[in-house]
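Accompanying notes for the structure given below.
The values are calculated or read from the model by the stated rules, or taken from the named source; none is laboratory data. As the structure is a prediction and not an experimental result, all values here were calculated from the model. A quick note on method: Cβ atoms are made from the backbone with ideal geometry, for glycine too, and the neighbour counts reach across all protein chains shown. Areas reflect the complete protein model, heavy atoms only, side chains present, ligands, DNA and RNA absent. Shrake-Rupley method; radii C 1.70, N 1.55, O 1.52, S 1.80 Å.
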Amino acid sequence: AEILHQRVRKDLWGYASDESLSLDDLLKVKYHGIRPAPGYPSQPDHTEKLAMWDIMQVEAKTNVKLTESLAMLPAASVSGLYFGGKGSQYFSVGKICKDQLSDYAVRKKMDIKECEKW
């Protein structure tokens with residue numbers, strides 16, 4: 001994941017083409033941009049992978065599959081969103097209240113129990 005993100009920053013998007021960070025600096029997130037992913041603190045809802053797989057036709061193009069629990073196969077697969085802005089920073093979604101869960105369920109068109117699961 002780190003190498004792919006570095007390639008995006010340096011080569012594909014090129015906003016950090018002169019970046020030269022040590023492995024330690026990479027692990028300390030001393031670069032610009034973030035790559036949050038479903039299931040992590042800033043994007044805890046794994047069901048967002050379903051939208052990603054559908055919109056980008058991931059399985060057809062890469063043969064990376066999702067299990068019933070939305071884990072990726074092969075297990076070494078990674079997914080995420082890339083944000084390249086200098087002001088981008090990681091954050092965590094804290095515990096949400098019942099009214100927030102209810103609102104989220106309506107927007108996701110999901111049963112509240114299903115939302116609680118993910």
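Using the per-residue mean of other Cβ atoms lying within 10 Å as a proxy for protection, in what order, highest first, do the peptides 80-92, 23-35 fall?
Details: 80-92: 12.2, 23-35: 14.0.
Going from most to least packed, we get 23-35, 80-92.
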Between helix 98-108 and the chain: long-axis angle, C-alpha atoms, 0 to 90°, nearest 10: 80 degrees
With n ≥ 4 as the cut-off for DSSP H runs, can you work out [θ] at 222 nm for the chain, using -39500 (n - 2.57) per run divided by the number of residues, rounded to the nearest 500? -9000 deg cm²/dmol
Mind listing the long-range amide H neighbours of LYS65? Cut-off is under 5 Å, sequence gap 5 or more, other chains count too, H placed in the peptide plane at 1.01 Å from N. LEU73
Neighbour-limited loop hits for GluC sites (Glu not before Pro), segment 46-79 (at most 15 other Cβ within 10 Å; DSSP other than H, G, I, E, B): GLU68
Where a label projected 7 Å from the Cα of THR47 along Cα→Cβ would reach, residues of segment 74-102 with amide N under 20 Å: 80-81, 93-102
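Considering only protein heavy atoms, what per residue accessible area in square angstrom results for the chain with a 1.4 angstrom probe? Intermediate results must be reported in sequence, preceding the final value.
Working: 8340 Å² over 118 residues.
I get 71 Å² per residue for the chain.
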Provide the solvent-accessible area of TRP118, counting protein heavy atoms only and rolling a 1.4 Å probe, rounded to the nearest 10 Å². 60 Å²
Backbone HN-Hα couplings from phi across segment 54-71 [Karplus 6.51/-1.76/1.60, Hz, Gly and Pro as x]: 5, 4, 9, 6, 4, 4, 5, 8, 10, 6, 7, 10, 10, 7, 4, 8, 6, 6
Share of accessible surface on carbon and sulfur in the chain, whole %, 1.4 Å probe and ligands ignored, is 57 percent
